[in-house]
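Novice: Next up is a structure, given as structure tokens.
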Amino acid sequence: MRSLLLQRISDGVLPITALFAVYLLLYGHNRPGGGFIAGLVTASALILQAITYGPRRVRENLAPVFRPVFGVGLTLALLAGLSGPFSGDPFLTHYHTEVALFGAAQLSLSTALLFDLGVYLVVVGATATAVSVFSEEPE
Amino acid sequence: MLIWLAFLIGGPFFFAAVALLVARWGGQWSGRVALLAPALVTGLGLWLWAEVSEGARVLVPLPWFPTLGLSASLRVDRWGVFFVLLVGLIGLGVVQYARHYFGLSCRGSFFALLLSFMGSMLGIVLADSLLLLFVFWELTTVTSALLIGFEFQEKDARKGAVLAFLVTSGGGLCLLAGLVLLALLAGSADLSTLEARSSALLAVPAHTAALVLLLLGAFTKSAQFPFTEWLPGAMTAATPVSAYLHSATMVKAGVFLVGRLFPIFSQSPLWEPLLISVGMATFLIAGSRAVRSFDLKQILAYSTAAYLGLIFAFYGYAARAGAQGEILLVANHALYKSALFLLVGWLEKATGTRDLRILLEERWLKKEPWGALLFAIGAAALAGAPLLLSFFAKEKFFQSLLTENLFPYATLLSGTLAVIASALAVTAALKLVVGTFFGPKEPSEKREFIKGHIPRWLLIVPALLLLPQLVGGIAPGWLLSTFLAPGTQWSRGPAFWHEVNIDLLMGLSSYTLGLVLYAVWRRLAYRTGAGSPYQTPEKIANLALGFSSWLGQKVQAGGHPRFLSVLFLSALAALLLGAFLTRSPIPLLLSTGPDLYLAWFPALAIAAAALSILFVPGRIPRLIMLSLSGYGLVVFYSLFRAPDLALTQILVETVSLVLFLLIFRHMPPIGKDARSRPKKVLHGVIALVVGVVMAFLAWQSGIITAPQPDGAEHLARASSEARGQNVVNVLLVDFRAADTLGEITVLVIAALGVTALFRAGRLFFGKKGAPK
């Protein structure tokens, strides 16, 4: 069953959700949000697509892109953690730095963000995998 | 230094990934890439050897979780770098051999596994932290089992892989228990610290338990009695794997560990008797099994176990005199035994068989003179013949057991046993050469089925591996002064010039006895047969498999009411046991905490939704009620001003609701509840008890305020140290990042498991849910 109305809404919502997820991820350190929540927001957008267009869309178009992502995420989180031992600090020590942008603006960077990005990717990858596997047609 | 060690250990893993990636252009490319890893290892190993060959030791501290007292420190010393060279040099030969052995049927996954094994082995030999050593130890167990069962379509390969895995991973668990105990006793799991605290440690009687557990790990890995049988079972692996893992490197990990433990435990009262008895028993029993076998690879496998027994016994004797020459023993065996394995692989290609019952009848000497010559050199090394490096190694062992001993006549006893065991090795060597090449009649033309297509490298690689035997035997100067005692000059002549002493007597009598035994075996060979191997490892494996299938049946048969009951009750029991053992008081506070009258509304809604699950029919209505009670929590979190939790709760409820709906489409329609009334009541009671206990715990944790709440400290540190305003997120990614890392790992495993189980279930159960 397809609903044109739902499809239009879902398509409109998808980019907004994606942007919102990025916002949650980047601001998570200071406002409500973070990798886990951002990952779930992205996952629910994927699920909305699955509901409106049928699971085939997720399985054929989105899952191949999102599925390998959890391996990348876990590697990223591990690497972020390993930056500690290579600098003589314990595992999972985070480092922060401030980068001046255009004179006045300050951009604060941190390995914690890298770690959070890893968490985000794992959550998205795992959910996309589950959705695409479970949405196979029952035989 | 750390960066080079990271290259050294990580390099093979990196090249393993590359070998998998390039496999799409054909397996040959994987083989070419695979050559780079051992080349890198050898290069770095030679550089490190120059630094530590005189006995220097470099510690590379690597903090891991200092709050838990765990480090991942590395160390570079003579014993470790020697193994690095062993792994690199023999690995180079074996990869080159394997490329030509498999030819066009090279597979990327094979080389990827071989290189991962190489990396794990390097991790073992460069670890200073026993914990790190254990992690890599288990990695070698896994990669070895996967390589043994590489041809998993064949039943024997699967059986061999399961047996090897269960025996060696069982030993690995003993090793883990031993190192935990050791860390508790000595306050550290770092080898360098343990060495310094050795005498204090040995004063505690409980150290013997730790020692026995650690040695069990070493004995299983090195296929010592009574765990020998997994090694012959592992011979289903391809010949390059047998040569590399099951003779040159992995089975030596046990010896390596004993070498590492030697400075810590050698003065323990248990060290000498345990190592000598197990080592000598294996030397004799595995040696006699080698004499009775007919499969050439089995003969080599048993003689490998026997020689490892010799090294263990050597370490036992060394407790009094000090270990010197252990590198010679290990290098000698690794070189000639891997060469022999590779030669058997060549022989199988040349003659089409490795069964001695067929080869005994045929005369391959004229057709394959070069192969026969190499076989003869390898076998002579196995027998410890003069003019070879092996001769010095054997003498070294004889000398070690002739030192002062445990009790009177012990020297006589161990000397006699050593002579008998060496004679068994001589017999096995004679079988390899005389039995294989000197049969009565010429092989028929039909038997040489692939003659002419055998790549030369199948003989060149073993020849190169045997070269040090000849060099060391004839001109031992440089080679032995490097291997035996660093910095000293070795001034003896070739390995036959000898003063008349007890060593010579023992050597001569072992040769004679070996000849006699060979003659006897030729007479009796067909009558005795190969004999049945003793079954201990197989029994252990069957016991473990039987127990797990029994447990699975007991816990899971009966649907998920039973499964959940077992799960919940075990968790409850663990909780209570923990509270009992730590004697933590179970507080009984019935006061209420900070009250919010508004909270009664979501609370009542949650309870009502949860209760209604019992009364609504069908899956989907129940699921919706469950979700409703979950969304009720969101209101709770909002009332208590926890936006992160509320946001997470909404999203988790939504995603899991949809996932459940997707799964329901695959499930058969819900039937009538078939449980009997008493069973329903029982399940109800269990659910109620578990629910009440959990509610109680949640209640308590909510109203007990610690004198110094964790939260306050985290709030204070979040902004200044972690540069974050949102404490919840700072907790997740910084203060408790290890927990988060564990959680996302679980998530990845779950995603992989869902995919595998779902697909496998479809393959296995077919469409209708009935087993095919």
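The values are calculated or read from the model by the stated rules, or taken from the named source; none is laboratory data. Keep in mind that what you see is a predicted model, and the values were worked out from it rather than measured. Note: ideal-geometry Cβ built from the backbone for every residue, glycine included; neighbour counts use all protein chains shown.
Novice: When the stretch B:28-82 is examined, which residues are found to be under 20 Å from B:Thr249 (Cβ atoms), in contact with a Phe, Trp or Tyr (Cβ under 8 Å, 6 or more places away or on another chain) and within 14 Å of chain A (Cβ to nearest Cβ)?
Specialist: none
Novice: In a helix (DSSP H, G or I) and surrounded by fewer than 20 Cβ atoms within 10 Å (Cβ to Cβ), is that true of B:Val167? Walk me through it before giving the result.
Specialist: Working: in a helix (DSSP H, G or I): yes; surrounded by fewer than 20 Cβ atoms within 10 Å (Cβ to Cβ): no.
No, not satisfied.
Novice: Would you kindly identify the helices (runs of 4 or more DSSP H) lying entirely within the stretch B:225-340 that contain at least 3 residues that are under 30 Å from B:Ala183 (Cβ atoms) and in contact with a helix residue (DSSP H, G or I) (Cβ under 6 Å, 6 or more places away or on another chain)? Explain how you work it out, then say what you get.
Specialist: Values: elements: B:230-233, B:239-243, B:252-265, B:271-292, B:296-321.
Output list reads B:252-265, B:271-292, B:296-321.
Novice: Just the residues that are part of a helix (DSSP H, G or I) and either facing another protein chain (nearest Cβ under 7 Å) or at pLDDT below 80 (or both), please, taken from the stretch A:103-117.
Specialist: The first filter runs over the stretch A:103-117 and keeps only residues part of a helix (DSSP H, G or I), leaving A:111-117.
Passing the criteria: A:Ala112, A:Phe115, A:Asp116.
Novice: Mind telling me which of the residues B:Met280, B:Met235 ends up being aliphatic (A, V, I, L, M) and either closer than 25 Å to B:Asp156 by Cβ or in contact with a strand residue (DSSP E or B) (Cβ under 8 Å, 6 or more places away or on another chain) (or both)? It would help to see each step written out before you state the result.
Specialist: On the way: B:Met280 fails: either closer than 25 Å to B:Asp156 by Cβ or in contact with a strand residue (DSSP E or B) (Cβ under 8 Å, 6 or more places away or on another chain) (or both).
Only one candidate qualifies: B:Met235.
Novice: Kindly indicate the residue of the stretch B:664-700 that is at pLDDT 85 or above and either closer than 24 Å to B:Gly761 by Cβ or touching a Pro at 6+ places or on another chain (Cβ under 6 Å) (or both) and also nearest to the other protein chains (Cβ to nearest Cβ) among those meeting that condition.
Specialist: Only one residue tops the list, namely B:Phe664.
Novice: Would you point out which residue out of B:Leu402, B:Leu413, B:Leu382, B:Leu424 is aliphatic (A, V, I, L, M), at pLDDT below 85 and in contact with a Ser or Thr (Cβ under 7 Å, 6 or more places away or on another chain)? Before you say what the answer is, go through the steps one by one.
Specialist: Numbers: B:Leu413 fails: in contact with a Ser or Thr (Cβ under 7 Å, 6 or more places away or on another chain); B:Leu382 fails: at pLDDT below 85; B:Leu424 fails: at pLDDT below 85.
Of B:Leu402, B:Leu413, B:Leu382, B:Leu424, the one residue that is aliphatic (A, V, I, L, M), at pLDDT below 85 and in contact with a Ser or Thr (Cβ under 7 Å, 6 or more places away or on another chain) is B:Leu402.
Novice: Looking only at the stretch B:283-306, how many residues end up being within 21 Å of the chain's Cα centre (by Cα) and among the small types (Gly, Ala, Ser)? I'd like the intermediate steps shown before the answer.
Specialist: Filtering the stretch B:283-306 down to residues within 21 Å of the chain's Cα centre (by Cα) leaves B:301-302, B:304-306.
When the remaining residues are screened for being among the small types (Gly, Ala, Ser), the result is B:301, B:305-306.
Qualifying residue count, the stretch B:283-306: 3.
Novice: In addition: A:Gly125 is checked against (1) surrounded by fewer than 24 Cβ atoms within 10 Å (Cβ to Cβ); (2) in a helix (DSSP H, G or I); (3) not β-branched (Val, Ile, Thr) and fails just one. What number does that condition carry?
Specialist: (1)
Novice: State all residues of the stretch A:1-40 that are under 15 Å from A:Gly118 (Cα atoms), among the hydrophobic types (A, V, I, L, M, F, W, C) and within 13 Å of another protein chain (Cβ to nearest Cβ); if no residue qualifies, say none.
Specialist: Within the stretch A:1-40, A:Ala21, A:Leu24, A:Leu25, A:Leu26, A:Phe36, A:Ile37, A:Ala38, A:Leu40 qualify.
Novice: In addition: Any residue that is within 9 Å of chain B (Cβ to nearest Cβ), among the β-branched types (Val, Ile, Thr) and without any contact (Cβ under 8 Å) to a residue 60 or more places away in the chain - is there at least one of those in the stretch A:58-73? Reasoning before the result, please.
Specialist: Keep residues of the stretch A:58-73 that are within 9 Å of chain B (Cβ to nearest Cβ), which gives A:67, A:70-71, A:73.
From the residues that got through so far, the ones that are among the β-branched types (Val, Ile, Thr) too are none.
No; the residues of the stretch A:58-73 include none that is within 9 Å of chain B (Cβ to nearest Cβ), among the β-branched types (Val, Ile, Thr) and without any contact (Cβ under 8 Å) to a residue 60 or more places away in the chain.
Novice: Got a sec? Which of B:Ala17, B:Ala50 is out of contact with any helix residue (DSSP H, G or I) (no Cβ under 9 Å at 6 or more places or on another chain) and in a helix (DSSP H, G or I)?
Specialist: Details: B:Ala17 fails: out of contact with any helix residue (DSSP H, G or I) (no Cβ under 9 Å at 6 or more places or on another chain).
When all the criteria are applied, what remains is B:Ala50.
Novice: Of the conditions (1) part of a helix (DSSP H, G or I); (2) at pLDDT 90 or above, B:Phe102 clears all except one; give me its number.
Specialist: Unmet condition: (2).
Novice: For the stretch B:286-302, give me the residue count where each residue is within 15 Å of B:Ser222 (Cα to Cα) and modelled with pLDDT under 90.
Specialist: Looking only at the stretch B:286-302, we keep the residues that are within 15 Å of B:Ser222 (Cα to Cα), and these are B:286-287, B:300-302.
Now narrow it down to the ones that are modelled with pLDDT under 90: B:286-287.
Within the stretch B:286-302, residues that are within 15 Å of B:Ser222 (Cα to Cα) and modelled with pLDDT under 90 number 2.
Novice: Of the conditions (1) in a helix (DSSP H, G or I); (2) under 17 Å from the mean Cα position of the chain (by Cα), B:Tyr97 satisfies every one except a single condition; which number is it?
Specialist: (2)
Novice: A follow-up question, please. Show me the helices (runs of 4 or more DSSP H) entirely contained within the stretch A:1-102 in which 1 or more residues are charged (D, E, K, R) and at pLDDT 85 or above. Steps first, answer last, please.
Specialist: Working: elements: A:4-27, A:35-53, A:63-66, A:69-82.
Of the helices (runs of 4 or more DSSP H) lying wholly inside the stretch A:1-102, those with at least 1 residues that are charged (D, E, K, R) and at pLDDT 85 or above span A:4-27.
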